[in-house]
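Q: Quick one: the structure is below, and I'll ask about it shortly.
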């Protein structure tokens with residue numbers, strides 16, 4: 001599956017547009033991460049626990065988006081984007097979305 005942020009794939013022709021595909025996940029913090037984050041807020045620096053959590057969330061959202069595109073028969077996703085939002089005080093949603101297409105691969 002080719003995934004690009006552009007609206008076309010260099011050297012390939014879009015043969016069919018299949019529509020919007022998306023994948024999302026909601027991740028919550030846990031007490032261990034909150035404690036470490038509290039300490040980091042005092043001394044500064046990267047909060048690795050949260051960085052790892054968000055990286056995992058991005059991977060899950062992209063995997064779900066790809067699965068949706070594959071169900072439609074797509075071999076590429078154009079206009080790919082990632083977005084995050086706070087769902088509640090201790091939970092964030094990551095959504096991956098784009099346009100599923102069939103491109104000429106020969």
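Q: Subtracting the Cα-Cα distance from 0.36 nm times the residue separation, let me have the gained length for residue 93 to residue 11 in nm, one decimal. Let's see the in-between values first.
A: Values: separation 82, 0.36 × 82 = 29.52 nm, distance 3.44 nm.
Extra length from residue 93 to residue 11 when fully extended: 26.1 nm.
Q: Can you give me the distance in nm between label points at residue 54 and residue 82, each placed 7 Å from the Cα along the Cα-to-Cβ direction?
A: 0.9 nm
Q: Residue 3 versus residue 28, label points 7 Å from Cα toward the beta carbon: distance in nm?
A: If labels sit at residue 3 and residue 28, their model points lie 2.6 nm apart.
Taken together, the values in this text are just the output of simple stated rules run on the coordinates, not laboratory data. Every value quoted in this text rests on a predicted model; they were computed, and no experiment measured them. Neighbour counts run over all protein chains shown; Cβ positions are idealised from the backbone, glycine included.
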